[in-house]
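Report on the structure given below.
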């Protein structure tokens with residue numbers, strides 16, 4: 001990647017990191033490229049459900065955020081219309097979750113992205129398929 005391109009993606013990631021919801025729960029975009037986003041989240045006790053495990057909605061939110069930013073990196077406005085999550089393994093306390101999303105297809109009106117969420121040791125925790133509607137060309 002050329003230096004100019006790297007600076008462009010870093011600037012875009014910094015802009016995307018101003019998302020109020022992502023900031024509230026602690027998500028950070030650590031890598032961004034055309035059609036790709038990598039998001040991390042350091043687990044905290046307040047992320048847990050009543051069974052002392054991170055809430056499933058938190059896992060879904062991290063995957064959704066990664067997919068949304070992968071779509072946004074394509075330069076067209078999208079909004080998610082469906083998110084399908086398969087929960088595969090549990091998390092470890094105080095772990096760092098890593099979501100990597102890639103746009104599979106982006107047409108004139110709809111797009112599809114897929115994402116994988118892993119723990120810091122590489123264990124696959126969940127996989128997602130996201131469908132989005134294009135609202136800005």
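Derivation of every value follows stated rules applied to the coordinates shown; laboratory data play no part. Note that the structure is a prediction, hence the values are computed from the model and not measured. With ideal geometry, Cβ positions are generated from the backbone for all residues, glycine too; neighbour counts draw on all protein chains shown.
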query: Can you give the calculated 222 nm mean residue ellipticity of the chain, where each DSSP H run of n ≥ 4 adds -39,500 (n - 2.57) and the sum is split over every residue, rounded to the nearest 500 deg cm²/dmol?
result: -8500 deg cm²/dmol
- request: Compute the Cα gyration tensor for region 3-136, then decide on rounded, prolate or oblate, letting a ≥ b ≥ c be the square roots of its eigenvalues: rounded whenever a/c is under 1.5, prolate when a/b is larger than b/c in the other cases, and oblate in all that remain.
  value: prolate
query: What FRET efficiency, computed as 1/(1 + (r/R0)^6) with R0 = 25 Å and r the Cβ-Cβ distance, is obtained for residue 124 and residue 17, rounded to the nearest 0.05?
result: 0.50
- prompt: Under a point spin-label approximation (7 Å from Cα along Cα-to-Cβ), what is the residue 133-residue 50 distance to one decimal in nm?
  reply: 3.5
- prompt: Over region 3-136, what is the relative contact order in whole percent, taking alpha-carbon pairs under 8 Å and six or more residues apart?
  reply: 23
- request: Would you please put 43-52, 118-127, 84-93, 66-75 in order of how densely packed they are, using the mean number of other Cβ atoms within 10 angstrom per residue and starting with the highest?
  value: 66-75, 118-127, 84-93, 43-52
message: Starting from 0.36 nm per residue, how many nanometres of slack lie between residue 10 and residue 30 once their C-alpha separation is accounted for?
response: 6.3 nm
